[in-house]
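Reading through the structure tokens given below for one structure.
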């Protein structure tokens, strides 16, 4: 059982290690030094993110097996597992290392097309997973409520999304020669905004739960979906004002890359927290059954 | 299981054989729960009594710690059995058992969820309401609660609740 080994503590350690090593490689550049570890940095970043998503995938599939009585949640966790699996593929597609075998790949419009061919199904699975979870919890009828503040947040997400879709200038694929790429980016954004809106509602549920291991898992899932959406929207807004922001603003680029690196670990952390609940329940059950069956000396 | 702490864990706690994390969990619970403090005192007295007895009769009956352990388990099991039998028909015993189930559930999916899961389970079971859960409709209530727990805590959490509630 992977859940007993892939604990939340291990995931936090993984995130800290990745952030530490990456910062060590990147800081000299931030302070104006001419030392570049692009290949090492790219390799390390892709490998660590793929590892985190692989852990999330394994944990999510294992968690899905925990819901034999609840098909909605079994499917929800399987969808989240599919999202993690496709996100691994996305890490490969957007890795700058591909430039070594395909010269100029990352600057070609083909990379954007490949990226969005993966992003759209990945986001679809994320949306299905979050909505499936929300529906399953709601169906029980415990009295979860969505407050006015949540609706305001969802309205905010819709407004930013509409502004981006109509202006189109902030979208990386707006100038793509591939129609499919341009359409897929719109669909991907729409799906990501839906995931962000669903995560707002799930976050409210987590707050309402009043603690417990499940609430922690839901909070991490919320953060995972919300951070992805925020980064994509922030990048698009930055692109509107400063099309060359990646090259001209080192600090913003640093922060953006740093935040993107935490995303895979949030997915893994959500799985680890949920799996920790199962481990806790199994331990308690074993203790109880062992106590019940303990031999009584005469 | 008492307030989410197994019999084995109580015994190991009294024998100072628990891991630090588990020991801290029990101590944190004891700080808040007068009932368990009282229970712990009772068991500590029994433990001390058994040790003293063993010392006094060491030559005639060479009791090892292992045997003391088993005897303590026996005493604990009898205390719990007696409590369960006495409480089988009384309303306070049912209320207490529901409180235990609530605590087990709260550790996994939060206090609010636990309170409401018990309420919904009682309402949708033969009991019809939280305060009408009795020995007669207990199994109907427990089945509903287990099915709710399987949504929030999965099969393992639901089974834990079922085993503990199915006395």
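The values are calculated or read from the model by the stated rules, or taken from the named source; none is laboratory data. Everything numeric in this text was worked out from a predicted model, so none of it was measured. Neighbour counts run over all protein chains shown; Cβ positions are idealised from the backbone, glycine included.
Examine the stretch A:158-174 for a residue that is surrounded by 15 or more Cβ atoms within 10 Å (Cβ to Cβ), in contact with a helix residue (DSSP H, G or I) (Cβ under 8 Å, 6 or more places away or on another chain) and modelled with pLDDT of 90 or more, and state whether such a residue exists. Looking for residues that are surrounded by 15 or more Cβ atoms within 10 Å (Cβ to Cβ), in contact with a helix residue (DSSP H, G or I) (Cβ under 8 Å, 6 or more places away or on another chain) and modelled with pLDDT of 90 or more, one finds none in the stretch A:158-174, hence no. Output yes when any residue across the stretch A:191-205 is over 16 Å from the mean Cα position of the chain (by Cα), within 14 Å of chain B (Cβ to nearest Cβ), closer than 22 Å to residue A:157 by Cα and surrounded by 17 or more Cβ atoms within 10 Å (Cβ to Cβ), and no when none is. Scanning the stretch A:191-205, I find at least one residue that is over 16 Å from the mean Cα position of the chain (by Cα), within 14 Å of chain B (Cβ to nearest Cβ), closer than 22 Å to residue A:157 by Cα and surrounded by 17 or more Cβ atoms within 10 Å (Cβ to Cβ), so the answer is yes. For the stretch A:138-156, enumerate the residues that are touching a helix residue (DSSP H, G or I) at 6+ places or on another chain (Cβ under 8 Å) and more than 14 Å from chain B (Cβ to nearest Cβ). Those that are touching a helix residue (DSSP H, G or I) at 6+ places or on another chain (Cβ under 8 Å) and more than 14 Å from chain B (Cβ to nearest Cβ): A:146, A:147, A:150, A:153, A:154. For the stretch A:258-290, the set of residues classified as over 22 Å from residue A:130 (Cα atoms) and more than 14 Å from chain B (Cβ to nearest Cβ) consists of A:258 only.
Restricting attention to the stretch B:110-166, the residues that are in a loop (DSSP other than H, G, I, E, B) and within 10 Å of another protein chain (Cβ to nearest Cβ) total 1. When residue B:32 is tested against (1) within 22 Å of residue B:99 (Cα to Cα); (2) surrounded by 11 or more Cβ atoms within 10 Å (Cβ to Cβ), just one condition goes unmet, and that condition is (2). The residues of the stretch B:5-21 that are more than 7 Å from chain A (Cβ to nearest Cβ) and under 12 Å from residue B:164 (Cα atoms) amount to a single one, B:5.
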